[in-house]
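The values are calculated or read from the model by the stated rules, or taken from the named source; none is laboratory data. From a predicted model like this one, the values you see are computed outputs, not experimental measurements. Cβ atoms come from the backbone with ideal geometry, glycine included; neighbour counts cover every protein chain shown. Heavy atoms of the whole protein, side chains included, go into the accessibility calculation; ligands, DNA and RNA do not. Shrake-Rupley method; radii C 1.70, N 1.55, O 1.52, S 1.80 Å.
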Amino acid sequence: MPVELNFRRPPQKPPSQRPALLAVASLLAVSLLAVALGRGQEKEPEEQPSRPVQTLAFHAEDLPDGGIDLRAAGDGRLVVRIEPGQDGFIRGTLRGLAQARQREGLGREPPFTLTRFDNGTLSLEDGATGRHVALLAFGPSNAKAFARLLPGTELR
């Protein structure tokens, strides 16, 4: 006669997940509280409107040897000559602005305007297209390439 062995264990209560759920809920509550308190404490620095201190309106003329002459818009005086292969940031920035003019069918006549503000920042604007380049956004060394066009300019 076959004997049946009963290896079934009595049903056990599953382990409680309540401590883990309480830990997650309390962590979430602490995080939300920290964010709420942090937002109330944080103050945006009051940004003073910056005023232009110095400007230079200029035209860029391509030279047959690959150089670029930057000439003052008013009297045509030479501001700086960029030799072939030099000042890559100035070349690239002006090339991008000039290509935007070409795409929009605009001429070369309106000057570019380099402006230094009282807070030390520099911007380059194309009056023809309305494009504006905040030069410090590309780093201080790139902004310094343009800053040398304005005598006495120090970047902050």
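Numbers for the structure displayed
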| item | result |
| --- | --- |
| Selected residue [touching a His at 6+ places or on another chain (Cβ under 8 Å) and within 17 Å of Pro151 (Cβ to Cβ)] from Leu70, Leu78, Leu122 | Leu70 |
| Inter-residue pairs, beta-carbon under 6 Å, first touching a residue at least 12 places away in the same chain (Cβ under 8 Å) and in segment 97-120, second open to solvent by 40 Å² or more (accessible area, probe 1.4 Å) and of a type in the set (Val, Ile, Thr), 6+ apart | Thr113/Thr55; Thr115/Thr55; Arg116/Val53; Asp118/Val53 |
| Among (1) in contact with a Gly (Cβ under 7 Å, 6 or more places away or on another chain); (2) in contact (Cβ under 8 Å) with a residue 24 or more places away in the chain - the single one Ile82 does not satisfy | (2) |
| Residue that is farthest from the chain's Cα centre (by Cα) [pool: residues in segment 121-140 that are over 21 Å from Ala73 (Cα atoms) and in contact (Cβ under 8 Å) with a residue 40 or more places away in the chain] | Thr121 |
| Condition check for Gln54: at pLDDT 70 or above and over 47 Å from the mean Cα position of the chain (by Cα) | no |
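Yes/no matrix, rows are residues, columns are (1) touching a Leu at 6+ places or on another chain (Cβ under 9 Å); (2) at pLDDT 90 or above; (3) buried (at least 16 other Cβ atoms within 10 Å of the Cβ); (4) among the aromatic types (Phe, Trp, Tyr):
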{"residue": "Glu83", "(1), (2), (3), (4)": "no, yes, no, no"}
{"residue": "Thr93", "(1), (2), (3), (4)": "yes, yes, yes, no"}
{"residue": "Gln99", "(1), (2), (3), (4)": "no, yes, no, no"}
{"residue": "Glu109", "(1), (2), (3), (4)": "no, no, no, no"}
{"residue": "Leu114", "(1), (2), (3), (4)": "yes, yes, yes, no"}
{"residue": "Asn119", "(1), (2), (3), (4)": "no, no, no, no"}
{"residue": "Leu124", "(1), (2), (3), (4)": "yes, yes, yes, no"}
{"residue": "Gly127", "(1), (2), (3), (4)": "no, no, no, no"}
